[in-house]
DNA sequence: ACCTGAACACCGTTCAAGT
DNA sequence: ACCTGAACACCGTTCAAGT
């Protein structure tokens, strides 16, 4: 049943994962799913955990390379989400507590520990970086589901902005170039570098 | 009509903002709304922009206080979102381009400029910090709509985790204390400090 | 005891018919 | 010309009835 849900998710995105669609995939009616899951939210939670469980954790944490390893893990997480359009909405809506998610969180903490990051900073950082990764993946999935390319987005942003009074927003006007520059990957990589640099330059939160 | 929508939003959250509910607020049928908006997404976009327009931008950017001003602005944005449960999902789903949102973005850029931040860094940073603010606000709204308190969340995280094999997730086990410590506000403040410190310690992205 | 057909109470959106 | 009642094509979930 989980597999049927994941098939629908991969093929048509999270909004297409209706109880009826998953039931149809199993040649039965929607009521039958309630034998296995409590409700649709429960099904989506299970599906997210399955996606998390499929993520390659990479090599064991190496103190001399923890940063590169952490960034590489983040890219693989986004990749897994991109293969399952919209699933990133699930961890945004509630803290995931399944095995698959725990596995990824535990490895993330292990990498931060390999980097000698303070315990409390590490614990709070994982929330910040997860929010960033999930929000990025969710945004990407929306653009993909609308069939929007990056060029289209930039073009539309410029168009929408052109409709606003330029002199009312001088900074947006002046920075329109940088604002629409770079690919999604480049921007994500910049944000990730920024987050880790921030972690390394912020005192641990007071206990 | 926008006002009717905002009333429903404030009272019952974004999921309750159905075409039927907004129409009922106006003593008419759902079909009548289509005279003013193209569809529900359009209505929600307009509502988000109205919320953004209501945000107090605070005093003019001061180069000696730009950082405190930027943080204070971020808090006010989250506050406005918290008063309109779930509206933060809108800017997560697509780049907002209305007047209200442009106003806030322009002020954010002005503050970064007052802090002498590189143009390209500022332009890319605004995406990162917006994602962080919106994702935080969205998460908060979900907990509130479920009537969940912070204590309940921590308790449930501990419970859920207790069901997992402790020895399989040694880092989560070891850090359970820090992981469930602090209030939502403290964690948000830490993340915001971290983001700004990251900005100040990351070279601008290459052109 | 287990599964599910049919029904219930909702949705967003369309369009023909009314004013 | 403008507005909208009624209908269409969907939802998630429940529960009585079947096996």
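Taken together, the values in this text are just the output of simple stated rules run on the coordinates, not laboratory data. Note that the coordinates shown come from a computational prediction; the quantities given were computed from them, not determined experimentally. We place every Cβ from the backbone using ideal geometry, glycine too, and count neighbours over all the protein chains shown.
Odds and ends about this structure:
- Highest-fluctuation residue, B:128, B:78, B:17 considered, GNM on chain B with Cα pairs under 10 Å: B:128
- Taking every residue in A:173-184 and counting other chain Cβ atoms within 10 Å of its Cβ, the average works out to 5.
- Other copies of residue A:12: label-to-label distances in nm, shortest first, labels 7 Å along the beta-carbon direction: 2.8
- At an R0 of 56 angstrom, the distance between the Cβ atoms of residue A:174 and residue A:42 translates into a FRET efficiency of 0.70.
- Ordering A:5-11, A:186-192 by mean Cβ neighbour count within 10 Å, with the highest value first, yields A:186-192, A:5-11.
- Structure remark: mean-square fluctuation, Gaussian network model of chain B, C-alpha springs under 10 Å; the largest value among B:47, B:81, B:176 belongs to B:176.
- GNM result for chain A, Cα springs below 10 Å: residue of A:162, A:38, A:24 fluctuating most strongly: A:162
- Pairwise centroid distance, computed over Cα atoms, of segment B:139-207 with segment A:135-207, Å: 24 Å
- Residue and whole-Å distance for the chain B Cβ lying nearest the axis of the B-onto-A rotation are B:198, 1.
- Zone residues, segment B:59-82, relative to residue B:10, backbone N less than 17 Å from point 7 Å out along Cα-to-Cβ: B:77-82
- Position residue A:67, label points 7 Å along Cα→Cβ, spacing to each other copy in nm (shortest first, one decimal): 2.0
- Extension gain from residue B:189 to residue B:31, taking 0.36 nm per residue of separation minus the Cα-Cα distance: 52.5 nm
- Segment B:29-84 and segment A:14-66 have Cα centres spaced 34 Å apart.
- Theoretical ellipticity at 222 nm over chain B - DSSP helices of four or more residues, -39500 (n - 2.57) apiece, nearest 500: -20500 deg cm²/dmol
- Computed Kirkwood radius, in angstrom, where 1/r is averaged over Cα pairs of chain B: 19.2 Å
- Computed extension length for residue B:99-residue B:82: 4.1 nm, one decimal, from 0.36 nm per residue of separation with the Cα-Cα distance subtracted.
- At 7 Å out from Cα toward Cβ: residue A:34 inter-copy label distances (nm, ascending): 3.2
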